[in-house]
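The values are calculated or read from the model by the stated rules, or taken from the named source; none is laboratory data. What you are looking at is a predicted structure, and each value in this text was computed from that prediction instead of being measured. No Cβ is skipped: glycine too gets one built from the backbone with ideal geometry, and neighbour counts run over all protein chains shown. Surface accessibility is based on the protein's heavy atoms, side chains included, excluding ligands, DNA and RNA. Shrake-Rupley method; radii C 1.70, N 1.55, O 1.52, S 1.80 Å.
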Amino acid sequence: MLRFILRRLLQMVLAFFGTTLIVYALMFAGQGDPIQALAGERPVTAAQRAYLTEKYHLDATGVGGFFYRYLNYLGGLLRGDLGQSLTGRQIGDILAAAWPVTVKLAVIAMAVTILVGVTAGVIAGIRRAGVFDHATLVLTLLVLGIPTIVLAPLAQYFLGVRWPIFPPTAGAQPSLWALLLPGIVLGSLSLATALRLTRTSVSENLRADYVRTARSKGLVRRRIVGVHVLRNSLIPVVTFLGVELGNLMSGAIITEGVFNIPGVGFNLFRGIRTEDGPLVVGIVSVLVVVYLLSNLVVDVLYAVLDPRIRYE
Amino acid sequence: MPTPVSPTPPDGHLLEVRDLHVEFRTGEGVARVINGVSYHLDAGETLAVLGESGSGKSVTAQAIMGILDTPPAHVRSGEIRYQGRDLLTLGEEERRRIRGAEIAMIFQDALSALNPVFPVGWQIGESLRQRAGLSRADARRRTVELMDLVRIPAAAKRLGDYPHQFSGGMRQRVMIAMALALDPKVLIADEPTTALDVTVQAQIMDLLADLRRDLGMALILITHDLGVVAGVADRIAVMYAGRIIEHADVRALYRAPAHPYTKGLLESIPRLDVRGQALSTIRGLPPNLMRIPPGCPFHPRCPYARQVCVDEVPHDLVLGDGRTSACHFAQEVHDDRAR
């Protein structure tokens with residue numbers, strides 16, 4: 001197991017270099033004149049241009065120059081220096097402010113997914129082909145069919161504006177209450193998937209041979225379902241939830257955008273829109289690490305949940 | 001309905017199945033899986049139930065245990081008497097109490113029959129903790145005893161191992177230990193050796209025979225393998241298409257089968273003393289249980305078949321030594337030693 005984790009960590013290093021390189025290349029290859037982009041609409045004097053060219057090593061051109069700048073950036077990254085965004089703010093500070101908000105939102109979404117999705121999935125799985133099962137089937141199909149870009153404004157309009165149950169937007173320092181509706185909207189997709197996955201897993205496990213054995217032992221049904229079936233059924237569900245938590249942690253561009261939540265996705269979207277190369281590359285680099293780490297945790301968790309799985 | 005060989009004890013049989021009918025109602029129609037099965041079991045006895053896949057031997061056992069999936073299974077009529085009480089009239093809670101504690105069952109494929117995510121010690125001890133109310137420590141001690149009883153080496157060290165870490169034979173021993181946890185009076189073994197190597201099969205059969213003797217249990221041994229039965233069983237009930245077509249003492253049945261199907265089965269066993277002949281087979285296939293042939297269900301495959309076999313369902317004929325055969329020509333088959 002230890003060797004597996006070490007090997008995975010080494011693979012992560014490679015994946016990290018690869019993804020940052022690609023994002024770095026994409027972000028800066030598309031730009032015409034980075035100095036003009038930095039200055040925006042204002043004119044740039046020759047002295048300023050010379051200074052910035054010097055500062056950002058723009059005098060080195062071609063592939064060699066690109067790699068020179070990339071390695072330079074990477075060096076800073078490895079020292080924990082994410083650099084400055086084009087607005088002059090430290091990217092580290094931006095992330096330090098944005099991440100807690102995104103984490104709160106992710107936790108709410110995850111809680112909704114587990115409480116509602118997994119619970120309803122277990123019930124639907126036990127009562128397969130019943131009314132509840134059919135109802136959840138239609139509902140989840142509906143949720144899975146509506147993209148967030150439609151669902152989020154609809155929820156905002158109806159539950160925030162028309163019948164103001166929730167605050168329609170979150171604002172700069174969002175409270176948990178303000179994040180509840182966005183959290184539900186964000187979690188609805190993973191909720192639907194988790195529900196379907198749990199339902200299928202439970203109903204399959206209910207027909208497994210070991211359930212027949214448990215019944216022949218004379219165990220009460222509550223124990224057969226609650227211990228034997230559930231423990232097996234939750235293996236794929238927990239795996240899915242782990243990957244999903246990694247996704248949610250990396251921010252939700254649409255949901256954060258619609259509800260005006262200053263999280264990671266919100267800042268990333270702003271960076272893309274304003275062609276703020278350093279900001280985008282900085283955020284994505286950190287996201288890559290978060291995502292890789294959460295995947296590693298899921299893999300380790302998988303082996304803990306299922307004793308048949310051994311990593312060598 | 002006559003019952004062969006052993007006379008009915010004054011206080012009735014330990015376990016008795018009477019004229020059981022079970023059908024499976026599926027989208028494609030109704031499959032008549034059990035069509036009037038009767039057999040009985042007395043304390044300390046071993047009854048072998050023999051038959052091909054789909055003959056209804058496992059379904060009968062699951063009906064006794066009360067673990068049939070209903071739906072699709074539906075017990076249409078019949079009685080299953082255990083110590084004089086008809087189990088089919090009991091409520092689910094009363095039946096549950098009998099499962100495991102009075103009548104226990106082991107299954108064919110121990111790998112899938114054991115829960116993959118719990119250690120074997122936990123699974124054996126579960127009955128002790130949940131049903132017998134033992135403490136964790138007592139259950140653990142008793143679990144080790146049970147694992148010793150079924151001859152799992154280094155039992156105490158293997159408590160925490162998972163089913164997939166055991167060999168096939170050891171897994172089946174775990175199943176047996178689990179079934180014995182609550183000292184049942186009847187053990188139903190549903191093809192306990194089918195998934196195992198031949199040498200391991202013999203070990204498991206020996207173990208079951210020893211345990212039955214030492215613990216004074218009654219054993220129902222379900223199998224499709226005549227070879228497995230010979231050394232262990234007292235009586236054999238041969239099933240075909242959801243009926244018992246022959247029911248006899250083991251020796252009598254091996255000496256001279258009184259049903260063409262049993263005869264065919266016996267002749268299809270390779271023998272060391274008969275060489276240079278092609279192995280005989282039973283032609284055709286077992287019937288589709290949704291369309292069981294009229295008359296005797298075996299007639300399309302039977303070398304003795306005549307018009308009466310198509311027209312009339314044969315009743316159980318009682319032969320001289322108390323055995324029964326559901327064949328119009330039972331005596332003729334019995335006397336026919338030509339082949």
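Values for this structure:
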quantity: Boolean, B:D206 is under 26 Å from the mean Cα position of the chain (by Cα), away from chain A (no Cβ under 11 Å), without any contact (Cβ under 8 Å) to a residue 12 or more places away in the chain and in a helix (DSSP H, G or I); calculated: yes
quantity: Test: residue in the stretch B:301-311 that is surrounded by 14 or more Cβ atoms within 10 Å (Cβ to Cβ) and modelled with pLDDT of 85 or more; calculated: yes
quantity: Residues of the stretch A:215-261 that turn out to be open to solvent by less than 50 Å² (accessible area, probe 1.4 Å), within 30 Å of A:G160 (Cα to Cα) and of a type in the set (S, T, N, Q), as a count; calculated: 2
quantity: Helices (runs of 4 or more DSSP H) completely within the stretch A:170-275 that count 1 or more residues being under 21 Å from the mean Cα position of the chain (by Cα); calculated: A:176-206, A:230-249, A:253-258, A:264-273
quantity: From the options B:L219, B:L253, residue that is under 20 Å from B:G56 (Cβ atoms) and in a helix (DSSP H, G or I); calculated: B:L253
quantity: Leading residue by the ranking (farthest from A:I254 (Cα to Cα)) among those in the stretch A:115-148 that are of a type outside the set (D, E) and in contact with a Lys or Arg (Cβ under 6 Å, 6 or more places away or on another chain); calculated: A:G125
quantity: Verdict on B:G276 being surrounded by 14 or more Cβ atoms within 10 Å (Cβ to Cβ) and either in a loop (DSSP other than H, G, I, E, B) or modelled with pLDDT of 85 or more (or both); calculated: no
quantity: Qualifying residue in the stretch B:76-87 (condition: in a helix (DSSP H, G or I), more than 12 Å from chain A (Cβ to nearest Cβ) and within 20 Å of B:A218 (Cβ to Cβ)); calculated: yes
quantity: Tally of residues being within 30 Å of A:L206 (Cα to Cα) and surrounded by fewer than 14 Cβ atoms within 10 Å (Cβ to Cβ) across the stretch A:76-110; calculated: 0
quantity: Failed item, numbered, when A:A124 is tested on (1) under 18 Å from A:S190 (Cβ atoms); (2) in contact (Cβ under 8 Å) with a residue 24 or more places away in the chain; (3) within 24 Å of the chain's Cα centre (by Cα); calculated: (3)
quantity: Filter result for B:F107 (modelled with pLDDT of 90 or more, touching a strand residue (DSSP E or B) at 6+ places or on another chain (Cβ under 8 Å) and of a type in the set (A, V, I, L, M, F, W, C)); calculated: yes
quantity: Residue ID - farthest from B:E126 (Cα to Cα), chosen from residues in the stretch B:189-198 that are more than 14 Å from chain A (Cβ to nearest Cβ) and open to solvent by 10 Å² or more (accessible area, probe 1.4 Å); calculated: B:V198
quantity: Residue satisfying all of: in the stretch A:262-277; in contact (Cβ under 8 Å) with a residue 60 or more places away in the chain and among the hydrophobic types (A, V, I, L, M, F, W, C); surrounded by the most Cβ atoms within 10 Å (Cβ to Cβ) among these; calculated: A:V264
quantity: Matching residues, the stretch B:159-188, being more than 10 Å from chain A (Cβ to nearest Cβ) and open to solvent by 60 Å² or more (accessible area, probe 1.4 Å); calculated: B:S167, B:D183, B:K185
quantity: Qualifying residue in the stretch A:138-152 (condition: within 18 Å of the chain's Cα centre (by Cα), among the β-branched types (V, I, T) and open to solvent by 80 Å² or more (accessible area, probe 1.4 Å)); calculated: yes
quantity: Some residue of the stretch A:194-211 being open to solvent by less than 20 Å² (accessible area, probe 1.4 Å), within 9 Å of chain B (Cβ to nearest Cβ) and either over 28 Å from A:L248 (Cα atoms) or at pLDDT 90 or above (or both); calculated: yes
quantity: The stretch B:12-66 - residue that is hydroxyl-bearing (S, T, Y) and open to solvent by less than 10 Å² (accessible area, probe 1.4 Å) and, of those, farthest from B:P286 (Cα to Cα); calculated: B:T46
quantity: Residue within the stretch A:104-116 that is outside any helix (DSSP H, G or I) and within 25 Å of the chain's Cα centre (by Cα) present; calculated: no
quantity: Single condition B:G295 does not satisfy, out of (1) closer than 22 Å to B:S38 by Cβ; (2) open to solvent by 70 Å² or more (accessible area, probe 1.4 Å); (3) among the small types (G, A, S); calculated: (2)
quantity: In the stretch B:97-148, residue nearest to A:R212 (Cα to Cα) [restricted to those that are assigned to a helix (DSSP H, G or I) and facing another protein chain (nearest Cβ under 8 Å)]; calculated: B:A113
quantity: Per-region count, the stretch B:74-92, residues in contact with a Leu (Cβ under 8 Å, 6 or more places away or on another chain), open to solvent by less than 70 Å² (accessible area, probe 1.4 Å) and not basic (K, R); calculated: 6
quantity: Positions within the stretch A:153-169 being open to solvent by less than 60 Å² (accessible area, probe 1.4 Å), touching a residue at least 24 places away in the same chain (Cβ under 8 Å) and part of a loop (DSSP other than H, G, I, E, B), in sequence order; calculated: A:P168
quantity: Qualifying residue in the stretch A:235-256 (condition: over 23 Å from A:A109 (Cα atoms) and within 14 Å of chain B (Cβ to nearest Cβ)); calculated: no
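Condition check ((1) out of contact with any helix residue (DSSP H, G or I) (no Cβ under 9 Å at 6 or more places or on another chain); (2) open to solvent by 90 Å² or more (accessible area, probe 1.4 Å); (3) part of a helix (DSSP H, G or I)) across all residues:
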position	(1), (2), (3)
A:I5	no, no, yes
A:A15	no, no, yes
A:I35	no, no, yes
A:E41	yes, yes, no
A:E54	yes, yes, yes
